[in-house]
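Here the structure comes first, spelled out in structure tokens, and everything after it is commentary.
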Amino acid sequence: MTELAFAKINFRVRDLDAAVDYATNVLGATVIRKSAPISFGQMAMVQLGGLVMEIIAPASPDSPLAQLIEKRGEGIDSIGFTVADVHFASDAIEGAGGRMTGSQGGGVDDMAWLHPKNPLGLSLELLRSDFWAGAVKPQ
């Protein structure tokens with residue numbers, strides 16, 4: 001098995017601004033990535049101590065993320081880990097009986113996800129280490 005290093009926790013929320021305000025004003029988190037559009041909605045990143053939290057909100061009330069929130073509620077969506085080689089790590093997980101849901105990246109796999117229908121009931125995100133290092137910068 002490949003070595004995984006903890007990177008972040010992803011939260012799905014209905015209201016991105018309210019979640020970021022709460023994280024910063026109540027918990028004392030620092031914004032490390034301001035609200036930005038992503039393929040399925042909006043995302044912001046905050047850091048609280050050593051914990052990086054990626055907060056995602058749906059683009060519209062009928063988007064797949066909005067439907068997921070209606071079905072499962074707000075809260076932890078997935079936990080992210082860095083790996084040196086996403087393709088190798090995905091193959092190793094599948095070889096050990098895990099089910100990967102796909103990957104995303106431009107030419108080289110930057111990210112992949114372990115399907116949440118597993119005994120832990122949680123999606124795990126694999127991030128290429130050098131891709132992740134460039135993604136987390138205070139803004």
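Of note:
- Of all residues in the range 104-129, those being modelled with pLDDT of 70 or more and assigned to a loop (DSSP other than H, G, I, E, B) number 9.
- Yes/no for Asp91 being acidic (Asp, Glu), free of Cβ contacts under 8 Å to residues at least 12 places away in the same chain and surrounded by fewer than 18 Cβ atoms within 10 Å (Cβ to Cβ): yes
- Any hit, the range 31-43, residues being aromatic (Phe, Trp, Tyr), touching a strand residue (DSSP E or B) at 6+ places or on another chain (Cβ under 8 Å) and either in contact (Cβ under 8 Å) with a residue 12 or more places away in the chain or under 17 Å from Val13 (Cβ atoms) (or both): yes
- Filter result (of a type in the set (A, V, I, L, M, F, W, C) and surrounded by fewer than 17 Cβ atoms within 10 Å (Cβ to Cβ)) within the range 66-78: Leu68, Ile76
- Unmet requirement for Trp132, which otherwise passes all of (1) at pLDDT below 90; (2) of a type outside the set (Ser, Thr, Tyr); (3) under 16 Å from Ser39 (Cβ atoms): (3)
- Filtered residues of the range 18-65 (kept if loosely packed, with under 12 Cβ neighbours inside 10 Å and basic (Lys, Arg)): Lys34
The values are calculated or read from the model by the stated rules, or taken from the named source; none is laboratory data. Note that the coordinates shown come from a computational prediction; the quantities given were computed from them, not determined experimentally. Note that we place each Cβ from the backbone using ideal geometry, even for glycine, and neighbour counts take in every protein chain shown.
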